[in-house]
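Structure, as structure tokens:
The values are calculated or read from the model by the stated rules, or taken from the named source; none is laboratory data. This one's a predicted model, so the numbers in the text were calculated from it and none came from an experiment. Cβ placement follows ideal geometry from the backbone for every residue including glycine, while neighbour counts extend to all protein chains displayed.
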Amino acid sequence: MSKVSVIVPVYNAEKYLEQCISSIANQTLKDIEIIAVDDGSIDNSLMILDNLSLKYRGKLKVLTKENGGAGSARNVGIDNATGEFIKFVDADDYLKLNILEKMYSIAKDYRVSLVRGNYQTILGPIKLQDKCSFSDINENILIYPTIKKDHIITETPGVGNKLISRDLIGDLRFSEQTKWEDLAIMPVIVASSDKIFHLDEPVYNYRAHMNTTLSDFINKIPQILDIIKCLDILKMHLEERNLYDQYQKQFESLYILHTLFRVENAMLWVNFPYSKKKVVISSLIAILDSKYPNWQQNEIFNLYQQKNSLFSFDMKRLKHYINDDARSVDLKTAENNIGRALK
């Protein structure tokens, strides 16, 4: 058994792949395994991986599968992992060379099954530290989710900034063939943790470019209803672990916020007609209305508006994107309206 299994889903990542794999293979923590899962790439990614597997023989395992998305590739990685802990790294991102040793040591020293840190976002020559949280935590500290329940909301659902014990993941798997697949399991993992170590420093270099979620704020998202699918799967996983009753209030806040994040996406889509934006946005609000009619009074929704000025600005201009006919509909009609607008 390795101390850490690092799972790398790979799809058409030839431009960044060597930097990603080398940043893992050359970690100061030596007892690791790297599982790279090629998800049906049609560029030179698989050839690069095969060459790297010779260079890092005994450390890098290359698996191949038909294209099914990052979630399915991560699931294959989990099923083949032997490590005590799991680390997920996307193929266009990379790690600081001592970070696995640091996170693993913290996990053992503090006896925690989850260590989280901050992101460093790489946008061309610009590097920005991103806490991806509105929890106001600005120190290295232990967090107890059963006491601080709202941490499953304030913690980013992304997996890149976390070191997770394999036992904590258990039989949880990512949703497949969906966007935002992290959201379907990450709050469950946080809620299942007795305690979490919050490491208040960058632990992951996230490269933002037009093949990442950055594009969601520019181009239309045909799979925008995947957010509802992932939220439904999240609820199912909470119920399976007998956590839903305990975190029902927090789930409601997650549902409201992440639906509204997709509303924000739609507001910014370029080359998408304003009339169709109104249909998509009004239909998303219709889904929210049907699920939580009093969502505008939600405490976390209002807190997030105070914390995030851009979100607050977007919510204030929401009325300009509402079509009453598309809002006052049932769930099925709302879904059909979105489908027709995006077709």
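May I ask you to verify whether Ile152 is within 14 Å of the chain's Cα centre (by Cα), part of a helix (DSSP H, G or I) and in the same structural domain as Asp38 (by TED's automatic domain parsing)?
Spelling it out, Ile152 is indeed within 14 Å of the chain's Cα centre (by Cα), part of a helix (DSSP H, G or I) and in the same structural domain as Asp38 (by TED's automatic domain parsing).
Could you please give the count of residues in segment 59-99 that are in a helix (DSSP H, G or I), buried (at least 22 other Cβ atoms within 10 Å of the Cβ) and charged (D, E, K, R)?
Residues that pass the stated criteria total 1.
Go through (1) without any contact (Cβ under 8 Å) to a residue 24 or more places away in the chain; (2) surrounded by 17 or more Cβ atoms within 10 Å (Cβ to Cβ); (3) within 13 Å of Asn12 (Cα to Cα); (4) not β-branched (Val, Ile, Thr) and name the single condition Met47 misses.
Result: Met47 passes all but (2).
Take Met186 and decide whether it is closer than 28 Å to Lys65 by Cβ, hydrophobic (A, V, I, L, M, F, W, C) and assigned by TED's automatic domain parsing to the domain that holds Glu84.
Yes.
If you scan segment 174-192, which residues turn out to be part of a loop (DSSP other than H, G, I, E, B) and either surrounded by fewer than 22 Cβ atoms within 10 Å (Cβ to Cβ) or of a type in the set (A, V, I, L, M) (or both)?
Within segment 174-192, Glu176, Gln177, Thr178, Ile185 qualify.
Residues in segment 101-124 that are of a type in the set (Lys, Arg) and either within 19 Å of Val89 (Cα to Cα) or crowded, with 21+ Cβ neighbours inside 10 Å (or both): how many?
2
Find all pairs meeting these conditions: Cβ atoms under 7 angstrom apart; at least six residues apart or on different chains; first residue within segment 307-321 and in contact (Cβ under 8 Å) with a residue 60 or more places away in the chain; second residue surrounded by 14 or more Cβ atoms within 10 Å (Cβ to Cβ).
Going by the 7 Å Cβ cut-off, the qualifying pairs are Lys307/Phe134; Asn308/Phe134.
Need pairs with beta-carbon distance below 8 Å; first residue under 18 Å from Thr82 (Cβ atoms) and within segment 1-21, second among the polar types (S, T, N, Q); sequence gap 6+ or separate chains.
Every condition considered, the pairs that remain are Met1/Thr82; Ser2/Thr82; Ser5/Thr82.
Conditions (1) loosely packed, with under 15 Cβ neighbours inside 10 Å; (2) outside the structural domain of Ile185 (by TED's automatic domain parsing); (3) in contact with a helix residue (DSSP H, G or I) (Cβ under 7 Å, 6 or more places away or on another chain); (4) assigned to a helix (DSSP H, G or I), marked per residue:
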| position | (1), (2), (3), (4) |
| --- | --- |
| Asp245 | yes, yes, no, no |
| Val270 | yes, yes, no, no |
| Ile287 | no, yes, yes, yes |
| Gln296 | yes, yes, no, yes |
| Phe313 | yes, yes, no, yes |
| Val329 | no, yes, yes, no |
| Lys332 | yes, yes, no, yes |
